[in-house]
Amino acid sequence: MADDAAGLEQKLAVLRSSYAAKLPDKLEEIEEAAAPLSSEPSPEEARHALDALQRLSHKLAGSGETFGFKDLGKVARQIEDACASLLEMDDPPSSRRREELGELLKSLRAAAGNASDVSPPAEEAVEDGGEKARKGREEKTVLLAIEDAALTSKLEMELANFGFQVRLLSHPAELGDKLKEFRPAALVVDLDTGENGQPGCCAPKCLEDEGALCCPVVFLSAGDDIKALLAAVRAGASTYLTKPVNTIELVDALDDLIETDDQEPYRILIVDDDQSTAGYNKTILQNAGMNTSVVTDPMKVMERMGHFAPELILMDLYMPGCNGQELASAVRLRPAFAGIPIVFLSGETDRDKQLAAMGCGGDDFLTKSISSEHFIESVKTRVQRFRMLRSLMVRDSMTGLFNHTTTNELLETELARSRRNKTPLTLAALDIDHFKSVNDTHGHAVGDQVIKNLAKLLKQRLRSTDIIGRMGGEEFAVAIPGAGGRQAREMMDRVRLAFSEIQHRTEMGAFTVTLSCGIAEFPRFTTAQLLTEAADRALYAAKEGGRDQTVLAEA
Amino acid sequence: MASGAFHLKEGKKSLKFFIIDDDSDIIDFMATLLEAEGHSVSSEIAGATAISRIVKQIPDCVLTDLMMADVDGLDLCRELRNRQNLQGLKIVFVSARTSEYWQKRARESGANGYITKPLNSGTFVSPVERINGETDPSEGP
């Protein structure tokens, strides 16, 4: 029975991620519907656009929050209401009202951008610490700690041109105070000695004391020697640029750094039977900009996992009913949760017991006496790594298409949907012909380019509702909901022809490559496995038949 | 704690649901939750073709959206209520509209229940089952 619940949670997680994957298209559709309103529409055009916008935002209002995008759902509802009231008026909307609507659309985009908020679980609301962190960053404030006046004013002007808010230090010693006053999105520090021959105003060793490491730091230095680099690393450098400073490089570096910090807040599940300890940890993590959810009854962990979709579990080692080790093992039994980092937090100082806890699926062990900085840092590092691994797990890194596992999961979802709706579904298996000889002749870099070109073509030629996956090597799979075998064969044949016409360029000149494709349709083949096998057989037949062709699987 | 969520299936009869919603993601969400409880689900994304399938299938319960692209859920509800062979059918609205006004109109058109979106995976199924006369066994006899 526990398996059923795990299976359900896994299914819901797949639905959630497939919804998230479709969000950009949904937003685009909404923006397209609203587009006529941004110029001077005729009354009829305005009504038509408002109708469409109302319908689409209504849908989004219903689904957004259901799938955990709380803010998105709220804004969509506001848009729906605004449309409704505009439609009730006899006159077409004034330019001011249309602008207001435009503003709401912008907030919708923003809400989707940090679509992080998970819908509140049954009994306890998720407390959003991310808001705090976001507020401080809104204006991309960059603090310059540079003594060289000429360089300072040059960077001040140029960074401002790129939309950064630039703040300066009037005196080197001011750094600590400034950082207490506000938290910049990034700090740019000149490592070189000042004019008077003293070490630079913000020598690395002082930075830590000044609390500068609360934000990304970019170091500038004329020196490229290992000593300077080491000093920068020790001071917690996020990036190191050598002089003369190339502004574009600096802007890129800042964008990268600020971008990663702008991400959705980390979601941490705290499991502790002691309300006050849980509350204490919650406060620390929230102040660091994370979202937290607290469970004091270990038996309720699984339930909460499904709602909250945590990215890390912080668990007390000793709890009534079951201990942390058992609970960790139980969580790990479920395939959907096997990858989530579990960190034990306990007063236990016996190293053997700590190690035993780690053996049961724990990733780290922190003692309760840990400093809050160390605590936050340990949690952050684990979540970052989890996010990176997870993104690798959903998408193929080279092409950005869905990977093997995700494609199969999404195929199952689509199949279930087709069964319920009694609609057709086809699965196409594609394989690039003689790919090995492309690699052998032109090298792997060119081979990779051929794969990327096919990925790009598939994305261009197929609909956004089609699921495109790279199954490994030069193999691809496409699930096409709503299309029967014949229709899918026509679609894939067009892709096949277009691909055979692409000129893949190399230094030695251009060449062309073909592909073979096998297609199987539901309901002729009733399960994902049967579909996959049939499509593979058809692909094999296409290869046998001389390649560069599409074959439809017969039952 | 009686981990009720895992025992729901025992002593319960499996119901036939028919979901109508113009948002396929929402259909998937509801269907996944209902199927996990052992119920069977058919669905239709367009209201217009739903009625003939419902008349043929005779489900225990129809879950329908209120405001859809092609059909007004209230009209659909009234239409179903006029069908002779659907006497015992339960009809439940699932809508993003939360106001009393729409809930009242839904009741007037013959609905047995009204659930508001956003849906919550933890709390969606039991009210639906309750409307269909199934009580949560963990709540006692």
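The values are calculated or read from the model by the stated rules, or taken from the named source; none is laboratory data. Bear in mind the structure is a predicted one, so any value in this text is a computation, not a measurement. Here the Cβ positions follow ideal geometry from the backbone for every residue, glycine too, while neighbour counts run over all protein chains shown. Quick note on the areas: whole protein, heavy atoms, side chains included, nothing else; ligands and nucleic acids left out. Shrake-Rupley method; radii C 1.70, N 1.55, O 1.52, S 1.80 Å.
Once backbone amide H atoms are built at 1.01 Å from N, B:MET68 has B:GLY73 as its partners under 5 Å, excluding neighbours fewer than 5 places away on the same chain.
Please give the Cα centre distance for the range A:164-187 versus the range A:42-60, rounded to the nearest Å. For the range A:164-187 versus the range A:42-60, the Cα centre distance is 47 Å. Quick one: compute the contact order of the range A:404-552, relative version, from alpha carbon pairs under 8 angstrom and 6+ residues apart, as a percent. Relative contact order here is 31 percent. Using a Förster distance of 60 angstrom, determine the FRET efficiency expected from the C-beta separation of A:MET398 and A:SER276, and round it to 0.05. Calculated transfer efficiency: 0.75.
Taking each of A:LYS59/A:LYS380; A:LYS74/A:LYS422; A:LYS70/A:LYS282; A:LYS70/B:LYS13; A:LYS74/A:LYS178; A:LYS106/B:LYS104 in turn, the alpha-carbon distance tops 26 angstrom for A:LYS59/A:LYS380; A:LYS74/A:LYS422; A:LYS70/B:LYS13; A:LYS74/A:LYS178; A:LYS106/B:LYS104. Taking every alpha-carbon pair under 8 Å whose residues sit at least 6 apart, the range B:14-130 reaches a relative contact order of 24 percent. For the pair A and B, the buried accessible area comes to roughly 3000 Å² in total, with a 1.4 Å probe and the value rounded to the nearest 100. Using θ = phi - 60° in the Karplus curve 6.51 cos²θ - 1.76 cosθ + 1.60, the 3J(HN,Hα) couplings for the range A:29-44 round to 4, 5, 5, 5, 4, 7, 3, x, 6, 7, 9, 9, x, 6, x, 5 Hz; x is entered for Gly and Pro. Distance from a point 7 Å along Cα→Cβ of A:GLU326 to each backbone N in the range A:264-282: keep the residues under 15 Å and list them by number. Only A:273 pass the distance filter. Summarising the amide proton neighbourhood of A:MET315: residues at separation of 5 or more, or on other chains, whose placed amide H is nearer than 5 Å comprise A:VAL271, A:VAL343, A:PHE344, A:LEU345.
So which trypsin sites (Lys or Arg not before Pro) in the range A:483-555 pass both tests, a DSSP loop state and at most 15 other Cβ atoms within 10 Å of the Cβ?
Answer by residue number: A:ARG547.
Taking 0.36 nm per residue of sequence separation and removing the Cα-Cα distance, the A:GLU249/A:LEU87 pair yields an extension gain of 53.4 nm. For the range A:271-324 and the range A:488-511, compute the distance between their C-alpha centroids and round to whole Å. Computed from Cα coordinates, the inter-centre distance equals 53 Å. In the protein assembly as shown, helical runs assigned H by DSSP with n ≥ 4 each contribute -39500 (n - 2.57); averaged across all residues and rounded to the nearest 500, the mean residue ellipticity at 222 nm is -16000 deg cm²/dmol.
What residues from the range A:9-31 fall in the zone where the backbone N is under 11 Å from a label point 7 Å along the Cα-to-C-beta line of A:ARG109? Residues passing the 11 Å test: A:28, A:31. Report, in degrees rounded to the nearest 10, the 0 to 90 angle that the Cα long axis of helix A:324-333 makes with the longest principal axis of chain A. Roughly 30 degrees between the two axes. Label-to-label distance for B:THR49 and A:ARG537 is 2.8 nm, based on points extended 7 Å past Cα in the beta-carbon direction. For A:VAL233 and A:LYS422, what does the FRET efficiency come to when R0 = 41 Å and r is the distance between their Cβ atoms, rounded to the nearest 0.05? That pair, A:VAL233 with A:LYS422, gives E of 0.10.
Computed 3J(HN,Hα) for the range A:60-67, one whole-Hz value per residue from the Karplus formula 6.51 cos²θ - 1.76 cosθ + 1.60 where θ = phi - 60°, is 5, 4, x, 8, x, 5, 4, 9, glycine and proline marked x.
Amide H contacts for A:THR292 (H built 1.01 Å from N in the peptide plane; partners 5 or more residues away or on another chain; cut-off under 5 Å): A:GLU127, A:GLY129, A:ILE268. In the range A:380-485, which trypsin sites (Lys or Arg not before Pro) fall in coil by DSSP and have 16 or fewer other Cβ atoms within 10 Å? Filter output for the range A:380-485: A:LYS422, A:ARG463.
Just to verify a number: FRET efficiency for A:GLU544 and B:ILE58, C-beta to C-beta distance, R0 = 60 Å, to 0.05? The calculated FRET efficiency here is 0.80.
In the protein assembly as shown, the portion of solvent-accessible area held by carbon and sulfur atoms comes to 50 percent [1.4 Å probe, whole percent, DNA, RNA and ligands not counted].
Relative to the longest principal axis of the Cα atoms of chain A, the long axis of helix A:247-261 makes an angle of roughly 80 degrees. Each of A:GLU373 and B:ASP75 was given a label point 7 Å from its Cα along the Cα-to-Cβ line. The distance between the two points is 6.7 nm. List residues of the range A:424-463, by number, whose backbone nitrogen lies under 20 Å from a label position 7 Å along Cα→C-beta of A:ARG494. From the range A:424-463, the list is A:424-431, A:453-463. Taking all protein chains as they are arranged and a probe of 1.4 Å, the heavy atoms of A:TYR318 leave approximately 110 Å² accessible to solvent.
Across the range B:17-31, rounded Karplus estimates of 3J(HN,Hα) from the backbone phi angles (6.51 cos²θ - 1.76 cosθ + 1.60, θ = phi - 60°) give 9, 10, 10, 10, 7, 7, 10, 5, 5, 5, 4, 4, 4, 5, 4 Hz, Gly and Pro being marked x.
In percent, rounded to a whole number, the relative contact order of the range A:272-344 is 30, using alpha-carbon pairs under 8 Å and six or more apart.
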